[in-house]
Every structure is written in structure tokens, then in C-alpha cells.
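See below for the structure under consideration.
No value in this document is a laboratory result; all are computed from the given coordinates. From a predicted model like this one, the values you see are computed outputs, not experimental measurements. Note that each Cβ is placed from the backbone with ideal geometry, even for glycine, and that neighbours are counted across all protein chains shown.
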Amino acid sequence: MAAPVDLELNEAFTGLQATVIDIQQKVKPADLQTEQLNRTKKHARLTDTEIVTLVDETNMYEGVGRMFILQSKEVILHQLLEKQKIAEEDIKELEQKKSYLERSVKEAEDSIREMLMARRAQ
């Protein structure tokens, strides 16, 4: 009778291990993407602080691929603020995804713990 219990627990542990590995593989790129978005946000903020010090009538060049486009200061500032806002939204979305994945691992671990406790009680 002990062999079926061990087989069931073994399958549960194998499933948990597969789940943990799968989630770790999903969390790692999310962390890297979050770091990249933080760098993008910081770069936009620093550029914004430097541009604010310039005269309002200053025309600037925006790099687009291999060329530069002449833009007004207001357009550049608006684009920088939009970049920051998009990066913040993406970071929040990635953090929610990461917390969901971590919760699912915790729930799987808890279900196996409950299974072990039930086996020990018998």
C-alpha cells in the first residue's frame, strides 16, 4: 500500500519541479525586460531634465534610425514623457505577471504540503 502513495507523491513532486522550472524560465526574461524598461525610463527622464533647461524656442534633432528629424522642444518633451509613461505601465504589467507566477508556485507547493500532511495523518 505504501508504493501507490509514494508513486502519487513522486508524480506530485515531479509536477512541482516542472512547474517551478517553467516559471523560473518565464520570470527571468520578465526581470531582464523590467531592467531594460527601467533604463529606458531613466534615460528619458535624464534627457527631459537636460532639455527643460533650454530656451523654449529651441529646435532639436530627433534621431530616427539613421537620420535626424528637426523637431520643436515641445514635441521632444512630449515624446520623452510618453516614453516614461509607457515604460512605467509595462513595468507594472510585468510585475503583476511575475507576482502571479510566484503565487502559482506557492500554491503548488502548498498543495503538496497538504498532501504530505494528509499522508502523515493516516
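Key figures for this structure:
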item	result
Residue 48 being surrounded by 12 or more Cβ atoms within 10 Å (Cβ to Cβ), among the acidic types (Asp, Glu) and assigned to a helix (DSSP H, G or I)	yes
Meets criteria (free of Cβ contacts under 8 Å to residues at least 60 places away in the same chain and either surrounded by 13 or more Cβ atoms within 10 Å (Cβ to Cβ) or more than 21 Å from residue 42 (Cα to Cα) (or both)) for residue 107	yes
Selection from the stretch 60-82 of residues that are of a type outside the set (A, V, I, L, M, F, W, C) and exposed (fewer than 11 other Cβ atoms within 10 Å of the Cβ)	63, 65, 66, 74
Meets criteria (of a type in the set (Val, Ile, Thr), assigned to a loop (DSSP other than H, G, I, E, B) and either more than 14 Å from the chain's Cα centre (by Cα) or exposed (fewer than 12 other Cβ atoms within 10 Å of the Cβ) (or both)) for residue 20	no
Every residue from the stretch 67-122 that is of a type in the set (Gly, Ala, Ser) and assigned to a helix (DSSP H, G or I)	87, 99, 104, 108, 111, 118, 121
Qualifying residue in the stretch 45-67 (condition: at negative phi and in contact with a Phe, Trp or Tyr (Cβ under 7 Å, 6 or more places away or on another chain))	yes
